[in-house]
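Working notes, beginning with the structure itself.
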Amino acid sequence: MTLLKKPTGVLLKHCWRKSVTTWTPLATAFNSPPYKKINFTRNEAGLFCMPELKNHEGFYLLKDNVTNHTEELIQEAISPNRKRKMVQIFDELSDSLCKVADLSEFIRVAHPQSKYAQAAEDACISISGIVEHLNTHKTLFMALSNVAHNGDIVPTTDVDKHVSKLFLFDFEQSGIHLKEEEREKVVRLNDHILQLGQKFMHGAVVPTSFPRSQVPESIRNYFPSEGDQILVSGLYTNSNNGMAREAAYKLYLYPSERQEELLTDLLKCRHALGKICGFQTYAHRALNSSTVESPEMVKEFIDELTRELRPRADADFRIMEEMKRKESGNKNATLAAWDTPYFTSLMKRNALNANANEFLPYFSLGGCMQGLDNLMRSLYGISLQNTEMEPGESWHNDIYKLSVVHEKEGLLGYIYCDFFERNGKPNQDCHFTIQGGKRLSDGSYQLPIVVVMLNLSQPRWTGPTLLTPSRVDNLFHEMGHAMHSMLARTEYQHVTGTRCSTDFAEVPSVLMEYFASDPRVVRTFAKHFQTHKPMSEDMLQRLCASKNLFSASETQLQVFYSALDQIYHGDPSKQGATTTETLKNVQSDYYSLPYVENTAWQLRFSHLVGYGAKYYSYLISKTIASWIWQTYFEENPFNRESGEKYRQEVLAHGGGVPSRQLVANFLKRDLTPQNLAQSLITEIDINNDKIKHMLKVDA
């Protein structure tokens, strides 16, 4: 029996390898288990090929070097004999600090060895200290302010002036332009806001505990318990028990006096900060230099969207309510806030007409990477080339390195792919900039270096890593960020790639999700990892259409969140006595489903900390991406002319051109609230028509 088992394993391994020979070298590399190569001859190159980082102590050398260079650049900037543009000096200063800070922040969270993580954290703290020193350097600030307001001693371009003003605004965040007493207030407020935010974030995820006796016996077993207390740590949106969903919603979102106090204090401090810094509200401060430019425009946009969305969202909710009545057997059942995620998910599963796992074999990681490569070649004439790393270049043995190469321009930059889960690694999909691109003094270009981080399962010898459809979307999204960095060709790293306004930074990544949802694109790579047989046309069409089910109601929810965030950070006189009272008022204006008494979901809404007054950004980015898709790519997602135009007129500029101007020039229409809202409504209507056809239901 032993003799029979061994060849069987070899045979399986051989068959799998044989089946993937039709993949490209890129796909084959990503479909094969990564392994650590034994180095006999070559010297260690250091992390990211930085010779200083052959060991963890190199972070202390980087810190010392940047400290010395910072002082040199300060002296150059304030010198009466300055020869260079002020913006060039500031960008070199920013570049020097960011190279160490961004690298250190990534290694701090990603490196599996504690000595590297600790050294990187120490470097982060040191850089923060240098930045604090810069933020109080009035002579340096006055030198920049003079140039921004009165012009430089050497000729400058519009881009120079724009970037100089961005540096100046960043400087003013610390209150350096204020009187000393007010500046000290700004420092104290910023510190207090940081502490309040951390406490609120912690409280937002603490489970709610209730006596077992107060929870109906029929659903007690749905929740873990501790002694005589039931613990509720989430909303149980996937539960098919309506009573369990309702109980979880009401218990988990039960108002917390401590969270209410923290959120109220946080909003008060932010408003005070905005006023001291010369803004009408905190929202006005947060939206300075954004795509929409002011809270007034955000309100116009979400109000316009609300008017158009209401009847469409109500239609979605009527379908969900009918589903609830049919499932529960109660013809009088009404839809509630705790039902919508469940019935949205149920509708999508029904629309797919297949188990989600049935899609897995068609989305091998290598196949998806091949699909991305095909798309990049079609749109931009660039290829993603798997590149062997030097010894010591990566922080783990399962990292891939991609060289991004243009067919005529050559190497554009590097993408390190940290795709697989491991102990201690953050459980999030994200994009890290390690080195921003910029034009160097000798005319050459500093190549961008980024890391794309996912949390996929490791490939096995029996088969490659397989992705769910949502994981495919995430991969395309994060690679959208990476390509924004790769294709930017800015003069200054301060505005390269994703270093642009928050409400524009997500546009390239969201646009990539449109490609990942188009049957013509997915068809190029959705092939069975063993047989190479393409996904059936019916499965393909259902998969792509299902992503847009109930899009009106889901968009309305995002509008509601955005409106609440704006009002919380706006005029206090327009708010209620408590944050919950404000929530109730906003919900009645912006959401079709009623507020649930004795709940306070805003006290679990941690995005209020990280995206204060900017939660609308994803909605705006989605809207602009939709508009770009409809205008340039919907007819042909492989159109090279459209791809080149998008690259040259949008991606190449990063944040070097004000984003509102950039988008308006590209779309050849003003970014009015009406135009923005209409692009999203048009998309929703088109998708609803496709879904009705697919499901063969009447309007």
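Considering the stretch 617-699, the qualifying helices (runs of 4 or more DSSP H), each wholly inside and each with 1 or more residues that are free of Cβ contacts under 8 Å to residues at least 12 places away in the same chain, run over 640-649, 659-667, 673-695.
So that you can scan it fast, the table gives a plain yes or no per residue for (1) closer than 25 Å to Asn374 by Cβ; (2) open to solvent by less than 30 Å² (accessible area, probe 1.4 Å); (3) among the hydroxyl-bearing types (Ser, Thr, Tyr):
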residue	(1), (2), (3)
Ile399	yes, yes, no
Tyr416	yes, yes, yes
Asn423	no, no, no
Asn427	no, no, no
Tyr445	no, no, yes
Ile449	yes, yes, no
Leu454	yes, yes, no
Pro464	yes, yes, no
Glu478	yes, yes, no
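What are the residue pairs meeting all of these: first residue in the stretch 325-346, first residue of a type in the set (Val, Ile, Thr), second residue part of a loop (DSSP other than H, G, I, E, B), Cβ atoms under 6 Å, and 6 or more apart or on different chains? Correct list of pairs: Thr344/Phe550.
No other residue among Asn240, Asn221 is outside any helix (DSSP H, G or I) and under 25 Å from Gly329 (Cβ atoms) apart from Asn240.
Just one of the listed residues (Leu412, Leu402) is under 23 Å from Glu644 (Cβ atoms), in contact with a helix residue (DSSP H, G or I) (Cβ under 8 Å, 6 or more places away or on another chain), at pLDDT 95 or above and not hydroxyl-bearing (Ser, Thr, Tyr), namely Leu412.
Listed conditions (1) at pLDDT below 95; (2) open to solvent by less than 40 Å² (accessible area, probe 1.4 Å) are all met by Cys368, apart from (1).
Of the residues making up the stretch 71-89, those that are under 14 Å from Thr139 (Cβ atoms), assigned to a helix (DSSP H, G or I) and open to solvent by less than 40 Å² (accessible area, probe 1.4 Å) number 5.
Quick check: anything in the stretch 198-211 small (Gly, Ala, Ser), within 30 Å of Pro80 (Cα to Cα), at pLDDT 90 or above and part of a helix (DSSP H, G or I)? No, the conditions are met nowhere in the stretch 198-211.
Go through the stretch 220-248 and give me each residue that's in contact (Cβ under 8 Å) with a residue 24 or more places away in the chain, open to solvent by less than 30 Å² (accessible area, probe 1.4 Å) and under 22 Å from His202 (Cβ atoms). Answer for the stretch 220-248, where residues must be in contact (Cβ under 8 Å) with a residue 24 or more places away in the chain, open to solvent by less than 30 Å² (accessible area, probe 1.4 Å) and under 22 Å from His202 (Cβ atoms): Phe223, Val232, Ala248.
In the stretch 564-582, is there at least one residue being crowded, with 19+ Cβ neighbours inside 10 Å, over 30 Å from Lys275 (Cα atoms) and aliphatic (A, V, I, L, M)? No, there is no match, as no residue in the stretch 564-582 is crowded, with 19+ Cβ neighbours inside 10 Å, over 30 Å from Lys275 (Cα atoms) and aliphatic (A, V, I, L, M).
The values are calculated or read from the model by the stated rules, or taken from the named source; none is laboratory data. Quick caveat: nothing in here was measured; it's all calculated off a predicted structure. Positions of Cβ are backbone-derived with ideal geometry, glycine not excepted, and every protein chain shown enters the neighbour counts. Remember, those area values only see protein heavy atoms, side chains included, never the ligands or the DNA or RNA. Shrake-Rupley method; radii C 1.70, N 1.55, O 1.52, S 1.80 Å.
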